[in-house]
Amino acid sequence: MESSLLFSLFLCVWALSSLTTASEATEQCPERTLGNERRRACPKKCQQDKECGNKRQCLCDGQCGLSCVAPGRTCPWPLPPGKHLDVALLSPSPSFSALLEIRCKTGYTMPNGLDVTIRRCQGDRQWSGDEPVCIAASQEDGGHAAMPVLVPEASCSLPENDLLSVQGSGAVGSTIQYKCASGYVLVGHSENMCHENQTWQYPHPICRRPSCPPPQEVDRGHLVAIQRAEYEVGDTIYYLCKKTFLLDGPNQVTCLPNGTWSAVPACRARCPVPAHRSRVIVDGVKRWPYDLTDSMVAHGENVTFFCQHPEKLCSFTATEVCVDGQLTAPSCYLDPTWLQFKLFPHRLVSEIDACDPADLQ
């Protein structure tokens, strides 16, 4: 009964204190004396917000007094289930100055005789006070309630980085997960475990904005871009091929969110047509090779050759493709001789009648 009255009185005092002005809160904030407060160090001491860095405010941080803290930082929540006690969060979120109620179950009490206590989320992202212990109210030793030995919970230090959030507790043996703020990528391990010697298995990762390295050059081509050490996501650069070469792929590439460039094109060479005294079919037109520009075709273009039937005076066709400067005549093609070309032009393989389909079976 007495513990419940004390707890009610505490809540009343806390509610009234929340109505005070900022100047009054400054005056009421204690000097920096750690005392028995459960924390390793205090944040930077201050008197006004302007003394603190970006995203930090000059707020009262318990026994640390006025300190530069990040109000958005959170303490571990939910907490591991305790023995003989219930834990309830009294604030909307476990952020700085949030209150946590620990209440012993019926028939149990704390060593100080109370059955309820309040812990506060500090600037070091830890809950104030020691880990509460609830013992049986009837447990006695020589007429006195047994007083357990309170051993501070061993834990690993959590990172202090506004861009890096942590899920989980830093208690020995526990595992935490890291997550970067939107627009940033994690560099390092995404999970970590606290060892018994209160050290982490891996160094804490860092968060950085994704970027791409300088784009690669292409043979026989030019890169059209402002030269920089790194490029931001969404940056676009362009490629141009040198004269007579054909661009194979998109003419622009983009820096992707994973820090790589989209598919880089290539510059492909033209192919000389391996026919001199016989017409070929290029782009659907039957023409002499010397009528083509430089007697060449572009990369990827089809060239149809005329081959003579081995037993009959008729012709059939075979098609090959120009691939980056390489175009090979089909094995059935035989280029006419100079005498055939001059004396019997009407008997050239490209000029004789086509074979009947039945002759080719």
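The values are calculated or read from the model by the stated rules, or taken from the named source; none is laboratory data. Remember, predicted model here, so these are calculated numbers, not experimental data. In this analysis, Cβ positions are derived from the backbone assuming ideal geometry, glycine residues included, and neighbour counts consider all displayed protein chains.
Scanning the stretch 232-266 for residues that are without any contact (Cβ under 8 Å) to a residue 24 or more places away in the chain, surrounded by fewer than 16 Cβ atoms within 10 Å (Cβ to Cβ) and either not hydroxyl-bearing (Ser, Thr, Tyr) or not in a strand (DSSP E or B) (or both) turns up 232, 234, 240, 243, 249, 250, 251, 252, 262, 263.
Quick grid of which residues meet (1) under 30 Å from residue 355 (Cα atoms); (2) within 27 Å of the chain's Cα centre (by Cα):
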position	(1), (2)
240	no, no
252	no, yes
255	no, yes
337	yes, no
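Of all residues being part of a loop (DSSP other than H, G, I, E, B) and hydrophobic (A, V, I, L, M, F, W, C) in the stretch 167-204, which is farthest from residue 260 (Cα to Cα)? Just the residue, please.
Step one: list which residues in the stretch 167-204 are part of a loop (DSSP other than H, G, I, E, B), which gives 168-170, 172-174, 181-184, 188-190, 195-199, 201-204.
Cutting the leftovers down to hydrophobic (A, V, I, L, M, F, W, C) gives us 172, 181.
On the way: 172: 38, 181: 20 Å.
Checking each candidate, the answer is 172.
Scanning the stretch 214-231 for residues being touching a residue at least 24 places away in the same chain (Cβ under 8 Å) and either among the acidic types (Asp, Glu) or surrounded by 12 or more Cβ atoms within 10 Å (Cβ to Cβ) (or both) gives a total of 6.
Taken as a whole, the structure leaves residue 264 outside the set of residues that are modelled with pLDDT of 95 or more and either farther than 30 Å from residue 222 by Cβ or not polar (S, T, N, Q) (or both). The residue that is modelled with the lowest pLDDT, among those in the stretch 311-360 that are among the acidic types (Asp, Glu) and either touching a Gly at 6+ places or on another chain (Cβ under 8 Å) or loosely packed, with under 14 Cβ neighbours inside 10 Å (or both), is 359. Counting only residues that are of a type in the set (A, V, I, L, M, F, W, C) and within 22 Å of residue 346 (Cα to Cα), the stretch 282-302 holds 4 of them.
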